[in-house]
Structures are given as C-alpha cells and as structure tokens.
1. So, of the residues in the range 123-148 that are of a type in the set (Phe, Trp, Tyr) and touching a strand residue (DSSP E or B) at 6+ places or on another chain (Cβ under 8 Å), which turns out to be farthest from LEU105 (Cα to Cα)?
2. Can you find even one residue in the range 111-122 that is surrounded by 13 or more Cβ atoms within 10 Å (Cβ to Cβ), within 17 Å of the chain's Cα centre (by Cα) and modelled with pLDDT of 95 or more?
3. Before we move on, is GLY80 on the phi > 0 side of the Ramachandran plot, at pLDDT below 95 and not hydroxyl-bearing (Ser, Thr, Tyr)?
4. Pick out the one residue from ASP33, ASP51 that is touching a residue at least 40 places away in the same chain (Cβ under 8 Å), of a type in the set (D, E, K, R), more than 28 Å from GLY119 (Cβ to Cβ) and crowded, with 22+ Cβ neighbours inside 10 Å.
5. Here are SER126, SER164: which of them is within 16 Å of the chain's Cα centre (by Cα), among the hydroxyl-bearing types (Ser, Thr, Tyr) and surrounded by fewer than 19 Cβ atoms within 10 Å (Cβ to Cβ)?
6. Can you tell me which residues in the range 100-113 are touching a Gly at 6+ places or on another chain (Cβ under 7 Å) and either in a strand (DSSP E or B) or under 15 Å from LEU87 (Cα atoms) (or both)?
7. If only one of GLY80, GLY133, GLY145 is over 30 Å from LYS185 (Cα atoms) and loosely packed, with under 14 Cβ neighbours inside 10 Å, which one is it?
8. Regarding the range 74-89, can at least one residue be identified that is in contact with a Leu (Cβ under 6 Å, 6 or more places away or on another chain) and closer than 22 Å to ASN116 by Cα?
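The values are calculated or read from the model by the stated rules, or taken from the named source; none is laboratory data. All values derive from a computational prediction rather than experimental measurement. A quick note on method: Cβ atoms are made from the backbone with ideal geometry, for glycine too, and the neighbour counts reach across all protein chains shown.
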Amino acid sequence: MEQAVEIVKFTDADLPFGKMLTDLENWHRTNEDWRRLLAISPSGMFKARLDGKDVGVAGLLAYDEVAWIHSVIVVNELRGRGIGRLLMRTCIDLAKDLGILCVKLDSVRGFEGFYNKFGFVEEFESRRFLRNGAHFPMVAERLDGDSMDEVLEMDEAANGFDRSKVLTAIYNDAPELALCIRVPKGIRGFVLGRRGEQRTQIGPCVVLDKDPIVATHLISTLIGLNPEAKYRMCVSGANNTAVKLASDLGFESVMSSTRMYLGQKFEESDASFAMISAEKG
C-alpha cells in the first residue's frame, strides 16, 4: 500500500482540496488561511496521491531552529493504511535537511500515540478560548506598517526565533486588527488578529517583561474594535498567567490539543499571551 502512494508538492491548484479537508474536520480554516500557509512556506507543503486521486495533505513551517508540522489530514475512508505515516516522514525528513533542531506540532486529543511512533513527546496542553465581542475602551493604539520592523525585532528577542514572514503576512491581511502599546523607549507589546469564517482569531500577542496588564489592554482593545464579532484565542497551557488572563477577560475554555515536540526541546516564551495558531506556533 505505501509503495503505491505518491507524495508531491502542494500547489495553488490544491487549495480547494486542502480547504475541503479542514472543513470536514471542522477546523474553520478559511481560504485565506490556506493561501497564507502556502505563500509563507511553499516548499513545505505536501499532498499524497493514490491511483491518481488526492488522498491527504501535510505541511512543515520552518523558522530558524524550530519548525511546526501542520495540517496532517488523510481522507477518512483511507485512514490507517500508511498514508499519514508517509506524509509525516516527508515533513520530518525536510526538517532534518533544513537543520531544524526541534519539530513541534499540535495533536488532536486521542491521536498522540500516532505521533509517539515518530518519537514525539507530549509537552503541554494547547488551549482554545472563545468569547463574544463587547465594548472595551481604546487603550492600545493602532499599529502602522512603519512600525513593523520594530515589532519583528521585539518578537524575535522575546521568543528566540525569527517569525517575520508569518507576522508580516498576518499583518498585511488584516492591518486594521493590529494594535500596540508604546512607552517612551518603544513598543512594549503588540497583538495581531485575522478574520475567520465564524470568529476573529486573536494572536499573536507578545509583551515584553511578560506584563499581564499590557496584554489585557491589547486583547481587550482588539475585542472592542468590533463588539458585534465573535472571537477565538489559542493559549499555551504552560503559561499560567496567559490562561488566567483569558479567564479574567471572560473567555470560555472550549477545547484543547496536545503540544508535542521531536528532537531538542525548545521552551516557548511566557511573553506570548496568545499564539498565532496551532499550525504556526
């Protein structure tokens, strides 16, 4: 069975197939989300084909020395036949070729055993929070494009790796959802957002000195930009301050996945109060 499966590059023409798969999984990923993932890392997106038919996808998004495997989906009727293993192995091999020291992913609950077989180890709970919009005061200020270089420098210093391609892409898709807090010495914290089919996704939110008050101002201001909208936020379960902040802001914890890693462990920073998304770290 495995020898009959062909792994090929995922291209623009495959975007509808990827969207169909995530719709079936109720991941609420938009066409724009798919387009952005492919544009950021075109060499890291793969598709499985069997007898001329598309049967699965997977991707690797690489930063400096850490990468995330994402979007590992096989069509339901062909699961358990080795296709997912081939997709995973393709992503892991690419990470090795790139010299990546740590590969991470978020496992749907109950599927950790599949990733354990490749050597992945459970790290922490990756949590999802929801809330409706509300009126909040405009405490944070708009983040303009001229300030992005400062934001990118600050983010790399806080998190330990370069996320400039991802952050720039998210900002360019929704600059109206980008906010920051400034002090005399410069930007103290920032938050970005992106439009979803049902909810606006909050994140990333990064704050120097891990100050929860600054994070609260950023996230509440973003919610207040559109009180009629609904919001979703991903938070590291290892960051107790961020989890408490989400609860204090009225978010409801709705589900979680399991963050796992392979290779040299890379500790994620508590300066991050909201993650970009499960597939991007």
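1. PHE129
2. No, the range 111-122 contains no residue that is surrounded by 13 or more Cβ atoms within 10 Å (Cβ to Cβ), within 17 Å of the chain's Cα centre (by Cα) and modelled with pLDDT of 95 or more.
3. Answer is yes for this residue.
4. Details: ASP51 fails: crowded, with 22+ Cβ neighbours inside 10 Å.
Residue meeting the stated conditions: ASP33.
5. Just a single option satisfies the conditions, and that option is SER164.
6. Of the residues in the range 100-113, the ones touching a Gly at 6+ places or on another chain (Cβ under 7 Å) are 101-104.
The answer is CYS102, VAL103, LYS104.
7. GLY80
8. No, there is no match, as no residue in the range 74-89 is in contact with a Leu (Cβ under 6 Å, 6 or more places away or on another chain) and closer than 22 Å to ASN116 by Cα.
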